[in-house]
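Student: My questions all concern the structure below.
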Amino acid sequence: MNEFDIEYLESVCRCDNRYEEWLKRHQHESMGYDVPHPSIVWTEATMLIMVLRDVNFDKQYVFKTWNNGKSDVEAYFVKSTTMYLIMHGDNRILNISSRDKERFIRDINDYEFFDKLKRKRRSRINEENGKYLEIDDSKSMMMLAEPSVKCRDLTIPDKRMMRSTIGNLIRMCPKNDMKGITTSMSLVAYYNEVMQGGLREEVHQLRDMMNQCIDRSTSNESPLDLKCQFSDEQVRTSGISKEAKIVLAVIDYMINGDYRNNIAFDCDIHDFNVALYSAMKTLGYWERTREDFKRMMKRMFNISVKVGLMSRYFQRNSDNYRNWSNYSNSKLENRYKIAKDFEVCIERVKKYKSNNF
């Protein structure tokens, strides 16, 4: 998730008073460790809470194996946060036995006991004067799984504030981003449980978004047997370096066909021009100048390309779209998606035509 997504995710978490209290402890305890953003840790812990609620077999096994696919440090903080939630009201949701709580705490403490928690590497050289630094490598006191106070009752978040915040989260969530929808769905489903069904409408909205995303991924895939509408002479003089018929057919499909009509995010023709030029240049389909690209797009597709705006964008972000993958804003993200979809569509059409030659 990018910073924009995380900001909205955290706004939901901050509606819960427990998050603010936990955050102070977590930021101190996690200092020096490679840990995801606090709202991600919190959201992962709520996922674990919901799974523990639903399983009918050994809950200890579920808790212990939740580290699969994660670093030991991330698993430790997610499990510690889960235990914090259990001890601060969520036991009402789970009805965890005292024996299971003891086992959960033992599993958490084993991370430190077996020295699994490794700090991030730090330079021992002062970059300004080149002298060695004295670094204290002693371990700080880690977060205790069991709170120093007795188990508290759950404080229900303010319903109006929570619904307003989640409404913003749903509006922000990209309609074709399954990971974003799934993460949002998990967090909202958890707080719907905490608020005793107070967020049913929001859960249904996200469920509908998820179903629509699945439908789009299965029914709106790019067609494989694309036809090139241009004459052999037009293809020959297009200026495209290789596989010109396929490239022109894919561009036509993306600009004038179903791709642009069914796209699930906001973009304009300038976004397409920037993304397509970058993808064609990066993948070796275009070796001429940007002015030549402008003339080709006008001649073949009657599309006007603003070379000056495109060049300024490349100056800031690189003309290789693969360098945009760590996007910092929605426009960069959308242009990266268009360029990536162009690459994927080209490969799918080439594979289809090769298999059906």
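The values are calculated or read from the model by the stated rules, or taken from the named source; none is laboratory data. Note that this is a predicted model, so its numbers are computed, not measured. Cβ placement follows ideal geometry from the backbone for every residue including glycine, while neighbour counts extend to all protein chains displayed. These area figures cover heavy atoms from the full protein model, side chains too; ligands, DNA and RNA do not enter into them. Shrake-Rupley method; radii C 1.70, N 1.55, O 1.52, S 1.80 Å.
Student: I'm told ARG18 meets every condition in (1) within 24 Å of ASP72 (Cβ to Cβ); (2) open to solvent by 10 Å² or more (accessible area, probe 1.4 Å); (3) assigned to a helix (DSSP H, G or I) except one. Can you identify the failing condition by its number?
Tutor: Condition not satisfied by ARG18: (1).
Okay, residues lined up against (1) of a type in the set (Lys, Arg); (2) without any contact (Cβ under 8 Å) to a residue 40 or more places away in the chain; (3) closer than 25 Å to LYS159 by Cβ; (4) surrounded by fewer than 20 Cβ atoms within 10 Å (Cβ to Cβ):
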position	(1), (2), (3), (4)
GLU10	no, yes, yes, yes
GLN27	no, yes, no, yes
THR43	no, no, yes, no
MET50	no, no, yes, yes
ASP54	no, yes, yes, yes
PHE63	no, no, no, no
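Student: Then there is this: Which one of these is open to solvent by less than 20 Å² (accessible area, probe 1.4 Å) and either within 28 Å of MET209 (Cα to Cα) or not in a loop (DSSP other than H, G, I, E, B) (or both): PHE342, PHE265?
Tutor: Values: PHE265 fails: open to solvent by less than 20 Å² (accessible area, probe 1.4 Å).
Of the residues listed, the single one that is open to solvent by less than 20 Å² (accessible area, probe 1.4 Å) and either within 28 Å of MET209 (Cα to Cα) or not in a loop (DSSP other than H, G, I, E, B) (or both) is PHE342.
Student: Could you tell me whether any residue of the stretch 300-314 is more than 27 Å from TYR352 (Cα to Cα), exposed (fewer than 14 other Cβ atoms within 10 Å of the Cβ) and of a type in the set (A, V, I, L, M, F, W, C)?
Tutor: Pass one, the stretch 300-314, residues more than 27 Å from TYR352 (Cα to Cα): 302-314.
So of that shortlist, the ones also exposed (fewer than 14 other Cβ atoms within 10 Å of the Cβ) come out as 302, 304, 308-309, 311-312.
Then drop every residue that is not of a type in the set (A, V, I, L, M, F, W, C), which leaves 309.
Yes.
Student: Now for a separate question. Please go through (1) modelled with pLDDT of 90 or more; (2) more than 23 Å from the chain's Cα centre (by Cα); (3) part of a helix (DSSP H, G or I) for PHE272 and return the number of the only condition it doesn't satisfy.
Tutor: That leaves (2) as the condition not met.
Student: Still on this structure, please answer the following. Check the stretch 79-101 and report whether any residue there is crowded, with 19+ Cβ neighbours inside 10 Å, of a type in the set (Val, Ile, Thr) and farther than 14 Å from TYR190 by Cβ.
Tutor: Checked against the condition, which is being crowded, with 19+ Cβ neighbours inside 10 Å, of a type in the set (Val, Ile, Thr) and farther than 14 Å from TYR190 by Cβ, the stretch 79-101 yields at least one hit.
Student: Now for a different question. Between ASP58, ASP5, which is open to solvent by 30 Å² or more (accessible area, probe 1.4 Å) and more than 21 Å from PRO157 (Cα to Cα)? Give the derivation first.
Tutor: On the way: ASP5 fails: open to solvent by 30 Å² or more (accessible area, probe 1.4 Å).
Unique residue meeting the criteria: ASP58.
Student: Mind listing whichever residues of the stretch 285-312 are assigned to a helix (DSSP H, G or I), more than 20 Å from ALA244 (Cβ to Cβ) and either out of contact with any helix residue (DSSP H, G or I) (no Cβ under 6 Å at 6 or more places or on another chain) or acidic (Asp, Glu) (or both)? Outline the logic, then answer.
Tutor: Initial filter on the stretch 285-312 (assigned to a helix (DSSP H, G or I)): 290-301, 307-312.
Remaining after also requiring more than 20 Å from ALA244 (Cβ to Cβ): 307-312.
Those that are assigned to a helix (DSSP H, G or I), more than 20 Å from ALA244 (Cβ to Cβ) and either out of contact with any helix residue (DSSP H, G or I) (no Cβ under 6 Å at 6 or more places or on another chain) or acidic (Asp, Glu) (or both): GLY308, LEU309, SER311, ARG312.
Student: Separate question: Taking the condition of being farther than 18 Å from ASP252 by Cα and open to solvent by less than 70 Å² (accessible area, probe 1.4 Å), how many residues in the stretch 324-339 meet it? Lay out the reasoning, then the answer.
Tutor: Here is the first cut: in the stretch 324-339, the ones farther than 18 Å from ASP252 by Cα are 324-334, 336.
Subsequent filtering for residues that are open to solvent by less than 70 Å² (accessible area, probe 1.4 Å) retains 324-325, 327, 332-334, 336.
Result for the stretch 324-339: 7.
Student: Could you say whether any residue in the stretch 174-185 is more than 22 Å from VAL51 (Cβ to Cβ), of a type in the set (Asp, Glu) and either at pLDDT 80 or above or within 17 Å of the chain's Cα centre (by Cα) (or both)? Spell out the reasoning first.
Tutor: Taking the stretch 174-185 first, the residues more than 22 Å from VAL51 (Cβ to Cβ) are 174-177.
Pick out the ones that are also of a type in the set (Asp, Glu) and you get 177.
Restricting the remaining residues to those that are either at pLDDT 80 or above or within 17 Å of the chain's Cα centre (by Cα) (or both) gives 177.
The answer is yes, given that some residue of the stretch 174-185 is more than 22 Å from VAL51 (Cβ to Cβ), of a type in the set (Asp, Glu) and either at pLDDT 80 or above or within 17 Å of the chain's Cα centre (by Cα) (or both).
Student: Report, by residue number, each residue of the stretch 316-332 that is in a helix (DSSP H, G or I) and in contact with a helix residue (DSSP H, G or I) (Cβ under 8 Å, 6 or more places away or on another chain). Break it down into steps so the answer makes sense when it comes.
Tutor: Step one: of the stretch 316-332, the residues in a helix (DSSP H, G or I) are 316-317, 321-324, 330-332.
Matches in the stretch 316-332: ASN317, TYR321, ARG322, ASN323, TRP324, SER330, LYS331, LEU332.
Student: It is to be established whether one or more residues within the stretch 117-136 are among the aromatic types (Phe, Trp, Tyr), at pLDDT 85 or above and not in a loop (DSSP other than H, G, I, E, B). So that I can check it myself, show each step before the final result.
Tutor: Initial filter on the stretch 117-136 (among the aromatic types (Phe, Trp, Tyr)): 132.
Checking which are at pLDDT 85 or above leaves us with none.
No, there is no match, as no residue in the stretch 117-136 is among the aromatic types (Phe, Trp, Tyr), at pLDDT 85 or above and not in a loop (DSSP other than H, G, I, E, B).
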